[in-house]
Amino acid sequence: MATNGIETKNNGMEGDPDLQFLLQGGDLLKVRSSSWKKTRYYRLMEDCETMWYESKKPFKTNQKFLLNDISAVRVGRQSEGLKKYTEEHVECRCFSIVFKSRRKNLDLIASSEEEAKQWTNSLQKMISNLSNLNSQQKTEHWIFSCLHKADKNRDDKLSKSELKNFLQLLNIEMDDDYTEMLFEKCDTSKTGYLAGEEIEHFYDLLTDREEIDVIYGEYAKTAGFMSPQNLVDFLIKEQREEATLADAHDIIQKNEPDENAKEKKLLSKDGFLMYIHHPDALVLNPDHREVYQDMSQPLNHYFISSSHNTYLTEDQLRGPSSTEAYVRALLKGCRCVELDCWDGPDDEPEIYHGYTLTSKILFKDVIKAIKEYAFKASDYPVILSLENHCSVKQQEVMAQHMSSILGSALITSPLGDGMPINFPSPEELKGKFLIKGKRLNKLEASFAPEGEEDDDTDMTEEEEVENEHEEEQRKKKKKLKLAKELSDMVVYCRSVPFSSFEDARENLSFYEISSFSEGKAMKLAEESANSYIRHNVDKLSRVYPAGSRAGSSNYNPVPLWNAGCQIVALNFQTTCTNMDVNQGRFLVNGKSGYILKPAFMRNIDTEFDPITLTRGDRLKPKTLHVMVISAQQLPKLNQKESSIVDPLVKVAVYGVPADNAEKETSYVENNGFNPEWNESFQFDVYVPELALVRFTVEDYDSVSDNDFVGQYTLPFNSLKMGYRHVPLLNRNGDVLPSAGLFVHIMVLDAE
């Protein structure tokens, strides 16, 4: 790391006009409502990662946000706020900053179209630049940022007190004697402060990875370097990979920073560190980052990433409804979204949570948002799950909007010729929308006259008996009438009530789908697991959270997946362990939102039972060995400089009941920068095909619950063996830059 003192670290963008524009900044009009539009001065701070803007309010501190917290910069009047509170003629001057967290969008108007383009292009370039940094560059960028903050008097030097401040910013507490020793060791000029090469020396001491030194030393048998053969030996013996000399040459070519070593076809310690931080060398099997499963099976043979009350951004009782909630869910790979539809004014249906104080949004605006964002994260089909409370007249409007907005992407008749006998595959349905809802009659029959009553007694979720209020509503309400136009759009997902598995087997067609409340589904999964699995071999099942979850909390989806349920709907707006597990399930297969069920859950004669573990073909249990070695650059939870985390690591397995287990390390006091544990755990995993592994880092607290630092969840069968780095995600599911765990993984056949 070359440095001349403490300078702004801008990743090779020195002199870049876009960077200079952001550093200089300028005035923008911030929009919150039709009456609240105020000028604010925005600029990028010297650390090149923090945006600052000035508030005109007296006594109010100036606001900041990190470039890393930005999810997207959207050009024009794309946000709900700008569409609602601005006129069309300012379209070319508008842009929105969308955040990864639940923070509200920042809606802005520039003084000219040219200036708006300058802001959006400059921000997008900086965000792209930050996201494209490799692991070493991210670490350097972060450390430089902390150095800059610690250098209080901006003299490009570090005094002893500034050094201590710098270490606290890095999330590490050192006793005074050790800090003094480090300082004296680096202060070769004996001036009482560190500058230039002395800071570089201090950086090298600080970032030295002793555990990596040991591993590298074991295999660096060629004049202190790793030869291609040494690297192949490491990959085969430690990482359990089928590696060739050609692979080793490729790794050296891509990762070795020293040109002399690269020319001699040698891998230095820095090159080795670069390699084991590379995305292809992390704990997740790189082959599973892309679509790797067979996508030509019937739709119901897949677990499908699904959202409940998708329109809500907060709780179920008084939280705001937003099209942005649909955008966020779809961009996270969700493939089944819910629309609660009610009659609105001016013959325009609305979406909101019935009989509550949640805000309302137009049905047509939701369909437009879904159309625009449905296939950005995944090409595979999106199911629109309709909770229909509208009059026949407004149902006709719903059908018109879906037809005109979704166009030919909307499935309105079976694929192929004649009456289908099974679902089409996700591959056949790429780029298509399916409607889940009621229809007037069976698909086989001719369509009934407009407005005829449905031939079943299915209730919508809000009408199911969750509490006394809804029971009252159910008694008052007559059977729902259906518009033929809307009914005809329901092809492969006709909503019907569930009576029993026997009734479903004898009387329901493959395309007839039942929705189960969480409580009912859990009971069936516990008491009749094998029957539930067989039911789901040729039909779809949807599960939704209990009505009592007014705060939009989530249930554990794993027991329902174990029972073969495909559409296990969660509140995507709520961050929690169960949502982390859901995202871990759908992390692989290209984040397509579709995961192929194991073969034993796709066979109508299956004997598999997750509770008793009886299965026609022999169980193939595994033993998982995990050594938690160390962590790097954990974030500070409390922004007070003196507050340092005391990290511990939990490793958990989620799966069939026999596989559920959790182990945890001891905590390391006052070190979030480079804590070490070297603690080993063993897990017996009976059904690896259904198991997930979760790594969680917490800040130990002796008097209250530990605080969450970060986590990473992935399918058991996607683990890579050997020495692996584990990235960490924050509560919102976004990657924590430069933070991670270092572990050793071994999976063996159980004896």
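The values are calculated or read from the model by the stated rules, or taken from the named source; none is laboratory data. Everything numeric in this text was worked out from a predicted model, so none of it was measured. Cβ atoms come from the backbone with ideal geometry, glycine included; neighbour counts cover every protein chain shown. Calculation scope for accessible area: heavy atoms of the full protein, side chains included, ligands and nucleic acids excluded. Shrake-Rupley method; radii C 1.70, N 1.55, O 1.52, S 1.80 Å.
Taking each residue as 0.36 nm, the span from residue 577 to residue 112 lengthens on full extension beyond its C-alpha to C-alpha distance by 162.9 nm. The residues of the stretch 17-131 have, on average, 52 Å² of accessible surface per residue, using a 1.4 Å probe with all protein chains present. Taking label positions 7 Å along the Cα-Cβ direction at both residue 260 and residue 376, the computed distance is 4.9 nm, reported to one decimal.
What net charge do the residues around residue 166 carry, taking every other residue with its C-beta under 9 Å from that of residue 166, with Lys and Arg at +1 and Asp and Glu at -1?
Numbers: positive: 149, 164; negative: 151, 162.
With Lys, Arg at +1 and Asp, Glu at -1, the net is 0.
Highest mean first, the peptides 241-247, 548-554, 145-151 sorted by other C-beta atoms within 10 Å per residue fall in the order 145-151, 548-554, 241-247. Once both labels are positioned 7 Å from their Cα atoms along Cα-to-Cβ, the gap between residue 362 and residue 270 label points is 5.8 nm. Taken as Cα centroids, the stretch 703-729 and the stretch 162-221 sit 28 Å apart, rounded to the nearest whole angstrom. Calculated from the structure at hand, Cα extents along the principal axes in Å is found among [x] 84, 71, 54; [y] 91, 74, 59; [z] 93, 70, 53 as [z]. Between residue 280 and residue 445, the C-beta separation translates, for a Förster distance of 56 Å, into a calculated FRET efficiency of about 0.55.
Note on residue 680 and residue 188: with the Förster distance fixed at 56 Å, the Cβ-Cβ geometry gives a FRET efficiency of about 0.85. Along the stretch 716-730 the Karplus relation, 6.51 cos²θ - 1.76 cosθ + 1.60 evaluated at θ = phi - 60°, assigns HN-Hα couplings of 3, 6, 9, 6, 9, 8, x, 7, 9, 8, 10, x, 10, 10, 7 Hz to successive residues, with x for each Gly and Pro. Scattering from the C-alpha atoms of the stretch 531-687 alone, worked out with Debye: what is log10 I(q)/I(0) at q = 0.09, 0.14, 0.16, 0.18 1/Å? Listed by q, the Debye log ratios stand at -0.42, -0.91, -1.08, -1.21.
For the stretch 17-131, rounded, prolate or oblate, judged on the Cα gyration tensor with a ≥ b ≥ c (square roots of eigenvalues), a/c < 1.5 rounded, else prolate if a/b > b/c? Rounded shape, in that the Cα axes give a/c under 1.5.
Taking every DSSP beta bridge that has both residues in the chain, what percent is antiparallel when rounded to the nearest 5? Let's see the in-between values first.
On the way: 86 of 112 bridges.
Roughly 75 percent of the beta bridges in the chain run antiparallel, per DSSP.
Taking 0.36 nm per residue of separation and subtracting the Cα-Cα distance, full extension of the segment from residue 403 to residue 24 would add 131.6 nm. Per residue, the convex hull spanned by the alpha carbons of the stretch 622-749 comes to 109 Å³.
Once you have a ≥ b ≥ c as the square roots of the Cα gyration tensor eigenvalues for the stretch 210-281, tell me rounded if a/c is under 1.5, and otherwise prolate or oblate according to whether a/b is larger than b/c. Verdict is rounded for the stretch 210-281. Take the Cβ atoms of residue 128 and residue 500, set R0 to 51 Å, and the FRET efficiency comes out at 0.40. Counting only protein heavy atoms and a 1.4 Å probe, the stretch 139-288 has 49 square angstrom of accessible area per residue.
Full extension of the chain segment joining residue 213 with residue 87 gains 39.2 nm, where the gain is 0.36 nm per residue of separation less the Cα-Cα distance.
In deg cm²/dmol and to the nearest 500, what is the mean residue ellipticity at 222 nm of the chain if only DSSP H runs of at least 4 residues count, each as -39500 (n - 2.57), divided by the residue total? Walk me through the intermediate numbers first.
Numbers: 22 runs with 215 residues, N = 751.
Using -39500 (n - 2.57) per qualifying helix, the result is -8500 deg cm²/dmol.
Could you grab the Rg to Rh ratio for the stretch 169-296? Cα atoms only, Kirkwood for Rh. Numbers along the way, then the final one.
Values: Rg = 19.3 Å, Rh = 17.4 Å.
Value, to two decimals: 1.11.
If I compute solvent accessible area with a 1.4 Å probe over the protein chains, what percent of it on the chain is carbon and sulfur? So the carbon and sulfur contribution to the accessible surface is 47 percent.
Among rounded, prolate and oblate, which fits the stretch 136-207 when a ≥ b ≥ c are the square roots of the eigenvalues of its C-alpha gyration tensor, a/c under 1.5 means rounded, and a/b larger than b/c means prolate?
On the way: a/c = 1.35, a/b = 1.23, b/c = 1.09.
Because its axes are fairly even, with a/c under 1.5, the stretch 136-207 counts as rounded.
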